[in-house]
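The values are calculated or read from the model by the stated rules, or taken from the named source; none is laboratory data. Note that the structure is predicted; figures quoted are calculated from it, not measured. Note that each Cβ is placed from the backbone with ideal geometry, even for glycine, and that neighbours are counted across all protein chains shown.
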Amino acid sequence: MFNIVEKRHWYFLLSALIIIPGLATMIYSIVAFGAPIKLGIDFTGGALLELRFEEAIQPAEVRQVFVDEGYVGTTVQSTANDRTVLIRTKPMDPATKEQLVGAVQQRLGAAEELRFESVGPAVGAEVTRAAGIAVAVAAIFILLFIIFAFRKVPNAFRYGVCAIAAMIHDILVTVGLFSIAGFALNWEADALFLTAILTVIGFSVQDTIVVFDRIRENIPKRRGEPFETIVNRSLLETIHRSLATQLNAIFVLVALLLLGGATMKQFVAVLLVGLLSGTYSSIFNAVPLLVVWETRKVVGQPQEAAA
């Protein structure tokens, strides 16, 4: 039987190699910008500009003009008859606005300015704080649920802690890589970023519990076998289900990333990274961490602890 958990120290090392650069970038970002990631106008506020063209216009074409002028976090929405666009971008003074409108008219044709005003952040500090509290409360309830559901298994508390550890791993990987992309690609977090992170958390916990549940079923059936053997057997029995479920979603996200609009690429990329991390952590972090806790050995050589 192929032993997956035996190489657990390599899995932990790979996770560390991914997380540590992200943590370093987040720390630098906090020092430089006051936040672990670059925040877009949804968090910081900005300017609202409405333009009406003589003919139907694609929002992506208008956005590209602003991106070329250095306003990367700009979002553009079309309104009535696809002739009017609503542009939300970073704060600017009237002179800069006139320059940008001139650039739009030069590349896309005549446009009439309907309004220009400063707007506050769509996602305030209170909403962000509430999301953080919601994640913390959800983690507590997940821990309590796993302890209750696994109450007939020795050390049920450890299953819950390992599931939460895998969830934290996925958050650190996703946010860390986004922070790196903020410097490398000038990505800025918007409201969809918060949505993507919450979705990643749900995927992570779900996949981990599937594996843990099979371990719970196999422990009474395999009494006397080393714990590591039972865990490895359970992992092999569920890995095809985990990969099949996650790969379906991954293929869809890859298609959206390649063929979707520019305004949703960051959202899809965050989901894709989080889903890949969740699939990896459920198999190669949460389960091996449980084995380490039971056997007291990071390097998987002897199989000493019995179920």
>> Given the criterion surrounded by fewer than 13 Cβ atoms within 10 Å (Cβ to Cβ) and either at pLDDT below 90 or β-branched (Val, Ile, Thr) (or both), identify the matching residue among ALA16, ALA110.
In response: ALA110
> Within the stretch 113-131, can you find the residues that are surrounded by 10 or more Cβ atoms within 10 Å (Cβ to Cβ) and under 26 Å from ALA189 (Cβ atoms)?
Replying inline: PHE116, SER118, VAL119, PRO121, ALA122, VAL123, GLY124, VAL127, THR128, ARG129, ALA130, ALA131
> Quick one: what pairs do we get from the stretch 103-122, first residue free of Cβ contacts under 8 Å to residues at least 12 places away in the same chain and assigned by TED's automatic domain parsing to the domain that holds GLY73, second hydrophobic (A, V, I, L, M, F, W, C) and not in a helix (DSSP H, G or I), C-beta under 8 Å, 6+ apart or different chains?
Replying inline: GLN105/ALA111
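This table checks each residue for (1) buried (at least 22 other Cβ atoms within 10 Å of the Cβ); (2) out of contact with any helix residue (DSSP H, G or I) (no Cβ under 8 Å at 6 or more places or on another chain).
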residue	(1), (2)
ALA165	no, no
PHE193	yes, no
LYS221	no, yes
PHE267	no, no
